[in-house]
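Reviewing the structure listed below.
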Amino acid sequence: MNYRHAFHAGNFADVVKHVAVALCLDRLNQKAAPYRYIDTHAGIGVYDLEGDEAERSPEWKDGVGRVWGAVGDAPDPVRAALAPWLGVVQEMNSMGLRHYPGSPFIASRMARSDDALRLCELHEPSAALLREAMGRDLRVKIEQRDGFDALPAYLPPPERRGLVLVDPPFEVAAGARKADFDWMLKAARAGVKRWPQGVYVFWRPLKDFDQVSAFDGELASMLIEEGGVAPEKVLVADLWVRTISEGKLGGAGVVIANAPFGVAEHLYAALPWLCERLAQGEGAGWRVESPSAEAEN
Ligand SMILES: C[S@@+](CC[C@H](N)C(=O)[O-])C[C@H]1O[C@@H](n2cnc3c(N)ncnc32)[C@H](O)[C@@H]1O
């Protein structure tokens, strides 16, 4: 394992993923009943944008950095869509943008006192940093183990409400990317069989439209046919910052299963604005679509 998320934290792909996750958590917060947040690949929780990795690879400057400076002028529907995510970023950066929250940190800030968090991080030093970042929080349990292996044992959660984020590294090492698509399908199948009502967010890179469409199609059919998930509740949200071609990551997004009410509308509002702000060249675009509804630019 040589992937370190600190090199990428706060980049455009993190922004899209975290906006989507925060919107889903915000909807879960609308009901008083407690829920559980499960993160199979949690990372280290908090990222120092002036740390060694971020200095060497300042991807955040073309991600959260661009949004941070521009959001004040964004139209109301965009601000409303970004608010759950941005609220956490702002809360930890009252003196200016210096730290970026990872998914477990966003979830811990949004979750209420009786909600629960289960976090897996396989890389031992990263798991140690994650423990440090999450502090003493009785709602949180961290396991240093394979998140794909752990997931079935977490489901269904006792609260019977919640969100599972599946966000593996898709390492560039030969063969690893394919394996992550396969593992994600296996995790999805194991998950929805045990807990078809859960909200699932699957992150995947967009380096090849045909490859991702084939994966999304397989995932959606499985969720619908084997999990009984309603077709209109399977949502794909993608952003690409330049024409997609092999090599450097040009696009990324999420497949959401059981997307909560209102999340699609917020993503429709946010993605065109994010696309304009985050574009890095010709051919940038976005899409929010489900098997029954489609929007593409
Ligand atoms: C993309 S990063 C996670 C980022 C995090 N979810 C976020 O949004 O802030 C993937 C993480 O998974 C860890 N990892 C890699 N393979 C894993 C596995 N099989 N199980 C659990 N964690 C793994 C890596 O060490 C890395 O920290």
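Some notes on this structure:
- Relative packing of 205-213, 156-164, which averages over residues the other C-beta atoms within 10 Å, highest first: 156-164, 205-213
- Largest GNM mean-square fluctuation across Ala13, Ala153, Ala133, computed for the chain with C-alpha springs under 10 Å, falls on Ala153.
- Shown for segment 91-134 is the translational diffusion coefficient from the Stokes-Einstein equation, using the Kirkwood radius over Cα pairs, a temperature of 20 °C and a viscosity of 1.002 mPa s: 180 µm²/s.
- Extension reserve of the Asp114-Ala128 stretch, reckoned as 0.36 nm per residue once the Cα distance is removed: 2.6 nm
- Computed log₁₀ I(q)/I(0) - Debye formula, equal Cα scatterers, no solvent, segment 211-261, q 0.18, 0.21 Å⁻¹: -0.63, -0.76
- The length gained on full extension between Asp137 and Glu171, counted as 0.36 nm times the residue separation minus their Cα-Cα distance, comes to 9.2 nm.
- Residue pairs, from the table Lys31/Lys233; Lys193/Lys248; Lys31/Lys207, whose Cα atoms sit over 26 Å apart: Lys193/Lys248; Lys31/Lys207
- Over segment 180-284: Rg over Rh, Cα atoms, Kirkwood Rh: 1.00
- Overall dimensions of the chain, expressed as equivalent-ellipsoid semi-axes from the Cα gyration tensor (√(5λ), whole Å, largest first), are 24, 23, 20.
- Cα pair distances of segment 1-150 binned at 10 Å [whole percent]: 11, 41, 36, 12, 1
- All C-alpha to C-alpha distances of segment 176-225, sorted into 5 Å bins beginning at zero, yield P(r) values of 5, 19, 33, 24, 12, 6, 1 percent in whole numbers.
Bear in mind these aren't lab numbers, they're just calculated from the coordinates by the rules spelled out. Everything quoted here is computed from the prediction, not taken from an experiment. Reconstructed Cβ throughout: ideal geometry from the backbone, glycine too, with neighbour counts over all protein chains shown.
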